[in-house]
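K.L.:
This is the structure I have questions about; it appears just below.
Taken together, the values in this text are just the output of simple stated rules run on the coordinates, not laboratory data. Keep in mind that this is a model prediction, so the values were computed, not measured. Cβ placement follows ideal geometry from the backbone for every residue including glycine, while neighbour counts extend to all protein chains displayed.
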Amino acid sequence: MARALHAARPLLAVKPVLLADIGEGIVECEIIQWFVEPGARVEEFSPLCEVQSDKASVEITSRFAGVVKKLHYEAGEMAKVGKPFVDIDIQGDVKEEDVGALAPVQALEKETEPKPTQAPVRPPAEETAASQVAILTEHETQSTPKGRGKHATLATPAVRHLSKELSVEISEVNGTGRDGRVLKEDIYKFVERRKAPSAPASATQPPAAAAFTSPERSTTEAQQETPIALTRTQEMMFKTMTRSLSIPHFLYADEVDFTSLVELRGRLNRVLSKSGLSDSQVGKLSYLPFIIKAVSMALYKYPILNARVDVDSANNSKPTLVLRSQHNIGVAMDTPSGLLVPVIKNVGSLNILGIAAELARLQTLATAGKLSPQDMSGGTITVSNIGSIGGTYLSPVVVEREVAILGVGRMRTVPAFSTVPGEEDRVVRRQVCNFSWSADHRVVDGATMARAAEVVRAIVEEPDVMVMHLR
Amino acid sequence: MKSEPMALLCHLGALTRHLTPNITRSRLHSVSSPVPIQVRPYTQNLGRPVQIYRSRSTDPYLNLSIEHHLLQRSHPESTVLFLYTNRPSVVIGRNQNPWLEVNLRALRQGLPQSAAAAPTLVRRRSGGGTVFHDAGNANWSIICPPPAFDRDKHAEMVVRALRGLAGAAARGGKVRVNKRHDIVMDLDVEVGGVETFKVSGSAYKLTRTRSLHHGTCLLSSENLGRVGGLLRSPAEGFIKARGVESVRSPIRNVGLGGDEFADAVVGEFRKMYGDADGREVVVGEEEALANEEVVKGLRELTSPDWIFGQTPLFTFSTHPTEDDPRERPGITHRLPEEFRAQFTVRHGEIQAADLAGLEYHYSVDDASQDVVLSNALVEQRLYYIEDWRSALRQASPVPVDVEGVGEWLNYMF
């Protein structure tokens, strides 16, 4: 490990560099932008950042050659002159006059103590970086899969000398040595590739930036593969979906007439807007609370849909159905960090307003990324409003530890024939929406699903029925 | 007319010292004495200890690129003077926010009461605030070694040039450098007392090896009264930005011609640096464009990624937030009652968007639709959005009412 090697040296190589006096008695200035990131190689005079002080825009360059380890400020923060602003792992000689630019010895000694404790904490992060580099070197790719910025490349002085000779930018070369070190062979290979016309410009551009540049690549290029690690959310989704799809699904889809519900909602929202609202109450109802309540009402009739399947590994993998009394209905939400399913607990005990309030609370938390594990746990059945992303029919996937899921498609206006007796030829407007149910076919049969779906449909199409069920 | 002998010199090619006029005599009023003009490529001049350049171009991007090239390539020990005039332009500082400083919609429509083309929007490489350039405004630029750098030194030089000229003296105004290193003119007011007007602003760019100080000088701009509207953004009350904000001051012309100002500044510069018989180099457009580095710089300055994408982080919100608790200005556009919007924009790219209260036609759950629409806006470049109405329409898979909100956002950005 790079870190272990450095710890063995008598002289600490990572030094905090002080922000040089930019003159005119200025004590602090704003960092406008950084030109380097942790891991970037810098040479003497490489631009590090740009700062602004009053009307002066000042370019700060590095006094040392080495690798940037840490930035002490973010862009937009005020940096203090004479205090460390960047840590550099210095790999060249330090000139006498530049020693003063390093933090004084006492500060360095303080650094030695945290170092040993830092070492065990750092390796996991560095390992993933190293393992990512390893993935890189296994595939002979030309792109930089680590996203924006230069990756940390280490090279011996001999290699660096060679790179200067051949006018090669070390940071652009893939290191095949240990920890991603750049070896002489890598330099030679890079030079060859550079001569070859097939070296695309996109090789040195981070893929994120490539998304904005116009496609200038020729169509005769070979297929390029770019391994990217999954985000944490994707990993979770991967595991969950792999488990879920071992459940045999069947799909039951139906078109539901929303016309009556549209009228009811309109009336109720008018009432709500007229009356004075307390803070906890919702100002405007959407259709979702009605749908959720209808599902809960159907679950009283068909409790199997609220159950889960337990496979008892101790007892010969014998499956059991576990019925659950509370209806904890999960509502799938699209958040900045991906699809999440927070849960509205005990819907059976909530009225429409209560469901709406809880829904709003969870939506606000979801957008802010502040859902707690409590909010996400205990679901017994899920409603997925993916109609919000577009799509009329869908085949939703049953969530783990549940046996059924309802996918709500887009609402749309369609022409239909009137059901008023005597007027059956008249064409009327109807608002419809497709409900797509998926269920675990190991325990739920088609007829049960159809009947439950019918109950939900009947309630949604004739919402006044709920009045009959009021206690 | 001084131009004839100059033209003659140009046509005769590179002429040298024996044509040097007697510079010491009355250079401040020397509109008539010819100064040798070099026609060979200006890059050959970069090694001299004292260099003087004038640009023939009025393209602000090109002039700034020439200036940058001079900054990067002139000899490290040299001192350089560069003079240029731009066509009508709004020039923002390196780290400023165009949405905050400029009324972009008004800019596109052009100067009021003027049929001329809309002013050019430019982001320069030096710090400081937003200014308006036109033919009645002169730009001067001094590049020198860092040890010699001083914020007031060359402003004082320009003041000396101004003091000797007829215009300022005739108006009874006194010019001086103020505390902010700007050049101001004190005018005696009829009522008694003195009113101070800004006639020149300065900005600086400091690199490891060179220091640049450039500034403007309002000579005879016709547009002083027309520019105010362009430099006031309707989004001001809604944007909280990092970076430098402009400081507004009342401005005045000194009442001079471009050539006489330029000659006077050159004269003072020569006096200061003992360059009595040095050359003055005129830089033409073609010549500058033939230089690779200038063209590279030019491409950068003209790219939207530079002009708009170099904007530091800012937030835009319709309602007070924790980060920005100011009361918001009233909105005259008709917007849905519950409409709220919040954006975080970094380098011109929308990093976070949170819109709420939009009106959808037939959605099962409006709140989720807001989330979907907001998420669709993330990672879009603010400056690529030409019409918010279509941007919103595209961002929503479900039909949404875009007119009111879209129009208002167009007005903001």
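K.L.:
Assuming R0 = 41 Å, can you tell me the calculated FRET efficiency for the pair residue A:325 and residue B:384, based on Cβ-Cβ distance, to the nearest 0.05? Don't jump to the answer; show the numbers that get you there.
P.N.:
On the way: r = 53 Å, r/R0 = 1.30.
Approximately 0.15, to the nearest 0.05.
K.L.:
Which three extents, in angstrom, do the Cα atoms of chain B have along their principal axes, listed largest first?
P.N.:
Principal extents (Cα only, largest first): 87, 57, 43 Å.
K.L.:
Provide A:17, A:262, B:194, A:408 in ascending order of the number of other Cβ atoms located within 10 Å of each residue's Cβ, fewest first. Before the final figure, lay out the partial values.
P.N.:
Numbers: A:17 23, A:262 16, B:194 11, A:408 27.
The order, fewest Cβ neighbours first, is B:194, A:262, A:17, A:408.
K.L.:
By what distance, in whole Å, do the Cα atoms of the stretch A:261-370 stretch along each of the three principal axes, largest value first?
P.N.:
Principal-axis extents of the stretch A:261-370 (Cα, largest first): 61, 35, 22 Å.
K.L.:
Now a separate question. Over every pair of different alpha-carbon atoms in the stretch A:379-451, take the mean of 1/r and invert it; report that Kirkwood radius in Å.
P.N.:
Taking the inverse mean of 1/r over all distinct Cα pairs, the stretch A:379-451 comes out at 14.2 Å.
K.L.:
Evaluate the Kirkwood expression for the hydrodynamic radius of the stretch B:356-398, namely the inverse of the mean inverse distance over all pairs of different C-alpha atoms, and round to one decimal in Å.
P.N.:
10.8
K.L.:
May I pose another question? Return the whole-Å distance between the Cα centroid of the stretch B:350-382 and the Cα centroid of the stretch A:12-50.
P.N.:
About 39 Å separates the Cα centre of the stretch B:350-382 from the one of the stretch A:12-50.
K.L.:
Binning every alpha carbon pair distance of the stretch B:227-377 at 5 Å from zero, what are the percents per bin?
P.N.:
2, 6, 9, 11, 12, 12, 11, 9, 7, 7, 6, 4, 3, 2, 1, 0, 0
K.L.:
Once amide H atoms are placed 1.01 Å from N in the peptide plane, what residues at a sequence separation of 5 or more from residue A:79, or on another chain, have their amide H within under 5 Å of its amide H?
P.N.:
Distant-sequence amide H within range of residue A:79: A:29, A:30, A:31.
K.L.:
For the stretch B:180-273, taking Cα atoms only, what is the radius of gyration to one decimal and the Dmax to the nearest whole Å?
P.N.:
Rg then Dmax for the stretch B:180-273, in Å: 16.9, 50.
K.L.:
Separate question: For B:61, A:302, what ranking results if the residue with the fewest other Cβ atoms within 10 Å of its Cβ goes first? Can you show the working numbers first?
P.N.:
On the way: B:61 22, A:302 17.
Neighbour counts put them in this order, fewest first: A:302, B:61.
K.L.:
Mind listing the long-range amide H neighbours of residue B:251? Cut-off is under 5 Å, sequence gap 5 or more, other chains count too, H placed in the peptide plane at 1.01 Å from N.
P.N.:
Long-range HN contacts for residue B:251: B:198.
K.L.:
Quote the FRET efficiency, to the nearest 0.05, computed for residue A:400 versus residue A:72 with a Förster distance R0 of 35 Å and r equal to the Cβ-Cβ distance.
P.N.:
0.20
K.L.:
Let me ask another. By count of other Cβ within 10 Å, fewest leading, how are B:349, A:423 ordered?
P.N.:
Neighbour counts put them in this order, fewest first: A:423, B:349.
K.L.:
For the stretch B:282-291, what does the Karplus curve 6.51 cos²θ - 1.76 cosθ + 1.60, with θ = phi - 60°, yield as ³J(HN,Hα) per residue in whole Hz, taken in order and with x for Gly and Pro?
P.N.:
8, 9, x, 4, 4, 5, 5, 5, 7, 8
K.L.:
Using the Karplus curve 6.51 cos²θ - 1.76 cosθ + 1.60 with θ = phi - 60°, what ³J(HN,Hα) values do you get for each residue of the stretch A:322-327, in whole Hz, with x for Gly and Pro?
P.N.:
Whole-Hz 3J(HN,Hα) from phi for the stretch A:322-327: 10, 7, 10, 7, 8, 8.
K.L.:
Per-residue Cβ counts within 10 Å, from other chains only, averaged over A:357-370: what number is that?
P.N.:
2
K.L.:
May I ask for the distance between the Cα centers of the stretch A:288-326 and the stretch A:395-471, given as a whole number of Å?
P.N.:
With the stretch A:288-326 and the stretch A:395-471 each reduced to a Cα centre, they are spaced 19 Å.
K.L.:
Count, for each residue of B:356-362, the Cβ atoms from other chains sitting within 10 Å of its Cβ, then give me the mean as a whole number.
P.N.:
Average neighbour count from other chains, rounded to a whole number: 3.
K.L.:
On to the next question. Collect residues whose amide H, placed 1.01 Å from N in the peptide plane, falls under 5 Å from the amide H of residue B:54; neighbours closer than 5 in sequence don't count.
P.N.:
Those lying under 5 Å, H to H, from residue B:54 are B:83, B:281, B:282, B:283.
K.L.:
Please report the equivalent ellipsoid semi-axes of the stretch B:253-297, computed as sqrt(5 x eigenvalue) of the Cα gyration tensor, largest first, in whole Å.
P.N.:
Equivalent ellipsoid of the stretch B:253-297: 27, 17, 9 Å, largest first.
K.L.:
Per-residue Cβ counts within 10 Å, from other chains only, averaged over A:57-69: what number is that?
P.N.:
Whole-number average of other-chain Cβ neighbours for A:57-69 is 3.
K.L.:
Under 10 °C and 1.306 mPa s, how fast does the stretch A:249-469 diffuse according to Stokes-Einstein, given a Kirkwood radius computed over C-alpha pairs? Answer in µm²/s, whole number.
P.N.:
For these conditions, the coefficient is 86 µm²/s.
K.L.:
Also, I was wondering about something else. How large is the Kirkwood hydrodynamic radius of the stretch B:116-209, counting all unique pairs of alpha carbons, in Å?
P.N.:
About 15.4 Å, per the Kirkwood formula over Cα pairs.
K.L.:
Here's something else I'd like to know. What order do you get for A:265-272, B:393-400, A:56-63, A:222-229 when each peptide is scored by the mean count of other beta carbon atoms within 10 Å, highest first?
P.N.:
Ranked by mean Cβ neighbours within 10 Å, highest first: A:56-63, B:393-400, A:265-272, A:222-229.
K.L.:
Ranking request for peptides B:113-122, B:319-328: highest mean number of other beta-carbon atoms within 10 Å first, then the rest in descending order.
P.N.:
Details: B:113-122: 14.7, B:319-328: 10.7.
Output ranking for B:113-122, B:319-328: B:113-122, B:319-328.
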